[in-house]
Amino acid sequence: MSVIERFIQVGWPLRVFFTENVFAPDNLLLRDVLADTGPRKALVCLEDSLAQALPGLDRQIENYFSVHAERLRLVRPPLFFCGGERAKNSPGLVTDLHAQVQRHHVDRHSYLIAVGGGALLDVAGFAAATAHRGLRHVRIPTTTLSQADSGVGVKNGLNAFGQKNFVGTFAPPFAVINDFNFLGPLAPRDKRAGYVEAVKVACIRDANFFAELERDAGKLTAFEPAAMKRLIRRCAELHLDHIATGGDPFETDSARPLDFGHWSAHKLEQLSKFRISHGEAVAIGIALDVIYSREIGLLDPSAAARILDLLEKLGFTLFAEELLNADNANLPTLLSGLEEFREHLGGELTITLLSAIGTGIEVHEMKPAAIAAAVAELRARAGK
């Protein structure tokens, strides 16, 4: 036997810009990010609920490209797509985007720009990663959840076979542009959703950030803009730090610390037929793993109490009836989420728990009795 082996190293700049009124003609950020020479082609997809909340946004986008036509060319008016889990459950949206890329000759020096929440960004990112083996993808997240977490990462995905993100790619976006003004029309439930990812990343990486969230809890509950901006920026920064320095940006190993609290959250979303939103499910998942960490002696009870209290102060409910679902053998359906979580990456089951606020720890076994005790405590805490 003989072999030729080489190591391929690829550098990926991952840039997250912060601005306001990104499509105002005198805001040159988007123009300068997309093109130093021109004109560069761009195809824009826009979440329909955002367009309804901000009438005229599509025309504003068209006007922006018209004003900067010497460097940018919009190949057609913005496309409207659904958002949320409906988008991630609709593989036909990817085909639609591929057809538009082909029809308008959008090439690998052109841009597919997605304006919307995390689900639409996932779908558009997958389409961009697979058309011509990779278009330049620009994300403009429009929810707290996507600005703080999902929109600033390197994953794209669709749901399939009843599982979250079964189909997907790792493909860093060309750029991410966070425009705080897009958060204004959101309902309170959606404004709050991104807070839980800040709690998550603070729990596993930054005790000082966790203390800041505790201090700002009242302002965050009231959706005070300065507090929200601080949360989004620091949360995004910690996610980028992990992706860039954690040593496994494309999750080739069996661990994914940024999914602390997610093994049960993904299962809860499925069991509720997505009645429970991602942010709400992650809050429950974090609470479950915090109590579990305390139950097996990893986490100090006072630290566990602080985390549960903060989640509740931020407005999250920490129990759902789906936690009690059982299968035909009368076993908790929730437990199947562990195998689905393991199978998604392969290898050994690896779950992130907490040994202290700011310090995650990996375990390779989850004890059903301790999980059941954590569920029972959450149920009692909710008065159910």
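So which of ALA236, ALA226, ALA281 is touching a His at 6+ places or on another chain (Cβ under 9 Å) and outside any loop (DSSP other than H, G, I, E, B)?
Result: ALA281 is the single residue among ALA236, ALA226, ALA281 that is touching a His at 6+ places or on another chain (Cβ under 9 Å) and outside any loop (DSSP other than H, G, I, E, B).
Name the pairs: first residue in segment 325-348 and touching a residue at least 40 places away in the same chain (Cβ under 8 Å) and closer than 16 Å to LEU271 by Cβ, second residue surrounded by 15 or more Cβ atoms within 10 Å (Cβ to Cβ) and hydroxyl-bearing (Ser, Thr, Tyr), Cβ to Cβ under 9 Å, at least 6 apart or on different chains?
Between residues of segment 325-348 that are touching a residue at least 40 places away in the same chain (Cβ under 8 Å) and closer than 16 Å to LEU271 by Cβ and residues that are surrounded by 15 or more Cβ atoms within 10 Å (Cβ to Cβ) and hydroxyl-bearing (Ser, Thr, Tyr), the close pairs are ASN325/THR333; LEU334/SER264; GLY337/SER264; LEU338/SER264; PHE341/SER264; PHE341/THR350.
Could you tell me whether LEU120 is more than 17 Å from the chain's Cα centre (by Cα), hydrophobic (A, V, I, L, M, F, W, C) and modelled with pLDDT of 95 or more?
So LEU120 does not fit the description; no.
If you scan segment 7-30, which residues turn out to be in a loop (DSSP other than H, G, I, E, B), surrounded by 15 or more Cβ atoms within 10 Å (Cβ to Cβ) and in contact (Cβ under 8 Å) with a residue 12 or more places away in the chain?
LEU14, VAL22, PHE23, ALA24
So ALA329 ticks every box in (1) closer than 23 Å to SER355 by Cβ; (2) assigned to a loop (DSSP other than H, G, I, E, B) but one. Which box is left unticked?
Of the numbered conditions (1) closer than 23 Å to SER355 by Cβ; (2) assigned to a loop (DSSP other than H, G, I, E, B), the odd one out for ALA329 is (1).
So which of SER277, SER355, SER302 ends up being at negative phi and touching a helix residue (DSSP H, G or I) at 6+ places or on another chain (Cβ under 7 Å)?
Only one candidate qualifies: SER277.
Counting only residues that are in contact with a strand residue (DSSP E or B) (Cβ under 9 Å, 6 or more places away or on another chain) and modelled with pLDDT under 95, which one in segment 35-48 is surrounded by the most Cβ atoms within 10 Å (Cβ to Cβ)?
ALA35
Would you check if there is a residue in segment 209-224 being surrounded by fewer than 19 Cβ atoms within 10 Å (Cβ to Cβ), under 17 Å from the mean Cα position of the chain (by Cα) and touching a residue at least 60 places away in the same chain (Cβ under 8 Å)?
no
Being hydroxyl-bearing (Ser, Thr, Tyr) and at pLDDT 95 or above narrows it down to one residue among THR359, THR333; which is it?
THR359
Among the residues of segment 154-176, write down those that are part of a loop (DSSP other than H, G, I, E, B), touching a strand residue (DSSP E or B) at 6+ places or on another chain (Cβ under 9 Å) and of a type in the set (Gly, Ala, Ser).
Listed by number, the list holds a single entry, ALA171.
Tell me the residue from GLU280, GLU312 that is among the acidic types (Asp, Glu), at pLDDT 90 or above and surrounded by 17 or more Cβ atoms within 10 Å (Cβ to Cβ), please.
Going through GLU280, GLU312 in turn, the sole match is GLU280.
In segment 144-189, what residues are modelled with pLDDT under 95, among the charged types (D, E, K, R) and under 20 Å from PHE18 (Cα atoms)?
Scanning segment 144-189 gives a single hit, ASP149.
The values are calculated or read from the model by the stated rules, or taken from the named source; none is laboratory data. As the structure is a computational prediction, the values presented were derived from the model and not from experiment. Glycine also receives a Cβ, built like all others from the backbone with ideal geometry; neighbour counts cover every protein chain displayed.
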